[in-house]
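Every read-out reported here was derived from the displayed coordinates using simple, explicitly stated rules and does not represent laboratory data. None of the values given here were measured: they were computed from a predicted structure. Neighbour counts are summed over all protein chains in view; Cβ atoms, including those assigned to glycine, are modelled from backbone coordinates with ideal geometry.
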Amino acid sequence: MECTGAYILLESLKREGVDLLFGYPGGAVIDIYDELPRHPDIRHVLVRHEQAAVHAADGYARASGKVGVCLATSGPGATNTVTGIATAYSDSIPLVVITGQVPTALIGNDAFQEVDIVGITRSCTKHNFLVKDINKLALTIRQAFFLARSGRPGPVLIDLPKDIVQAKTEFIWPEEVYMRSYNPTYKPNLNQLRRTVEELSQASRPVILAGGGVIMANASDELGMLARRLQIPVTSTLMGLGGFPVTDELSLGMVGMHGTYAANLAINHADLLLCVGARFDDRVTGKLTAFAPKARIVHIDIDPTSIRKNVAVQVPVVGDCKLALRGVLDICEAKLAEHDWAGQHADWLKTVWDWKASKPLAYHKGEHIKPQEVIEALCQLTKGDAVISTEVGQHQMWVAQFFSFTRPRTLLTSGGLGTMGFGFPAAIGAQMALPDKMVITVAGDSSLQMNIQELATSVACNLPLKVVILNNKHMGMVRQWQELFYKGNYSCTNMEAQPDFVKLAEAYGAEGYRIEKSEDLLPVLEKAFSSDKTALIDVMVEREENVYPIVPAGAALDEMLLV
């Protein structure tokens, strides 16, 4: 039986296990929307902006570990997805983004709502497709999902001309997919694993640097076993938070520009750095020539192009983080009888624990609510058992510093691209992926307004999502840089001309709360969190509070400003 391209698309999504589709209709995809009601297994979530559709699919993917899927029309609908695609690409998030396109015969003719979205997104997708043959549609969808979720995950775009969506052919589902030019390496080389263990056996000051790859590979258990078995302190990148419990005595917290004193000093004094699933971003390394100056480096990553891109590596290990850590553990277990791992690192652990105790993350309470105080209250109320999404800025760093992340996939944040407007729609995707979990967005008053229209989406979907605004009436992080590095020239960062967020929430049909005093913080948060409706809590915080520690741009990790 012949089927339309719209039917083939939706049936293919169903066979890939897709249960949620975030999208916004338009002329080029109207045939898909016409077919959609006949596929009740796929729930469509109507967002209010295409950028939010991608961010919501992204949050769904981060929280669930599945591939997120979104749909947009041609032209401006497609270009509105670009920021979300670039965000997912920077953080290696598996997405399939489907865009409509003008009919094949009109491509290149500057037709109404035509853009070359394949060309536009070539540099920020793992791969993209322009489907020109209806007979290849099912295979293309199969390949897109295979590419998105395998190897180093990432976003894949499928551009669908309107005539392909309307055309008919027999639906043949390819049960297996093989791409000759794409064969990611999962199983690490055994000799490299042996070299890794040899390096570990000779190190007296080792440190593990855990990145987002640990979470993507579901390798948190293996990381924990290795760290505890060998008694090695663990630092995390922003994207790696939750991959190793920050409450564990071996955890030194986040490393980098706003990392902890102990984590940054440990990197600088280590004689061995075991990096797992991180790419040595500039916010992590600081001054490259001064990064881990005394350490030999072992780098485990599934993406060979990430190894030796930024820093010199003595032992490269290409492969899946979970399999690599399991392999290292197995070899270490065989050596337990002949090697005293714990005794070897005892002096080093005492040193890093002394650093940790001497300069803990702290702040001084004052007349106004401190932002850090709010994050600690969130952690106390949820007992650390919540999914936290963030926007980007000071509040993002305070969440990373003061919320106790103990499990993977509980921090959803734009690490690589630093996208304002990401956190709220990402939380919508996460809440729909995990309906029984507490999901909280922590936002700045500036970045929330980038996609605040998605309050309508959250209310329409009856989500119990909570939005906590750390409202300092500034573009906080930019203001901080202007204070510290631009002689207090506060150019265009004052955001006093803002809406009444409580009234705005209520206008959308959500609950609105405002907190202005410290004594009201816990009771009002408790009341808001007990509601089964979308709730926005506007917390008025100290306007000029800064994030510390901070490593100035171009400085080494041990050149932190602590106050």
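Numerical summary
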item	result
Cut-off under 5 Å, modelled amide H: who pairs with ILE515 long-range	ASP538, VAL539, MET540
Contour minus Cα-Cα distance for ARG180 and GLU526 (0.36 nm per residue)	119.1 nm
Average projected area [Cα convex hull, the stretch 375-459], square nanometres	5.4
Peptides 442-448, 526-532 ordered by average Cβ neighbours within 10 Å, highest first	442-448, 526-532
Euclidean distance of C-alpha centroids, the stretch 76-97 and the stretch 438-509, integer Å	22
At 0.890 mPa s and 25 °C, Stokes D of the chain from Kirkwood alpha-carbon radius, µm² per second	100
Highest average packing first - 378-388, 359-369, Cβ atoms within 10 Å	378-388, 359-369
Where the Cα pairs of the stretch 442-484 fall when distances are cut into 10 Å bins, in %	25, 43, 22, 9, 1
Stokes-Einstein diffusion coefficient of the stretch 142-202, Kirkwood radius over Cα pairs, 37 °C, 0.692 mPa s, in µm²/s	209
Kirkwood Rh in Å, taken over the stretch 110-180 so that all alpha-carbon pairs contribute	13.4
Per residue, the convex hull volume that the Cα atoms of the stretch 36-153 enclose (Å³)	117
Neighbourhood net charge (12 Å Cβ-Cβ; Lys/Arg +1, Asp/Glu -1) for SER404	-1
Sorted largest first, extent of the stretch 10-83 alpha carbons per principal axis (Å)	29, 28, 17
HN-Hα J in Hz across the stretch 201-218 - Karplus 6.51, -1.76, 1.60, θ = phi - 60°, x for Gly and Pro	5, 9, 8, 10, 10, x, 9, 9, 10, 9, x, x, x, 4, 6, 4, 8, 6
Mean shadow area of the stretch 45-93, taken as a quarter of the surface of its Cα convex hull (nm²)	3.1
Whole-number D in µm² s⁻¹ for the stretch 382-518, Kirkwood Cα-pair radius fed into Stokes-Einstein, 10 °C, 1.306 mPa s	102
Vicinal HN-Hα couplings computed from phi for the stretch 29-46 (Karplus, 6.51 cos²θ - 1.76 cosθ + 1.60; Hz; Gly/Pro x)	10, 5, 5, 5, 5, 5, 7, 4, x, 8, 10, x, 6, 9, 8, 9, 10, 7
Under 5 Å, built H, 5+ apart or other chain: amide partners of VAL468	THR441, VAL442, ALA443, ILE537
Cα gyration tensor shape for the stretch 315-359, rounded if a/c is under 1.5, else prolate or oblate	oblate
Percent of Cα pairs exceeding the 16 Å cut-off, where the set is the stretch 476-563	67
Bins of 10 Å, starting at 0 and running to the largest distance - Cα pair percent for the stretch 129-265	10, 27, 23, 16, 14, 8, 1
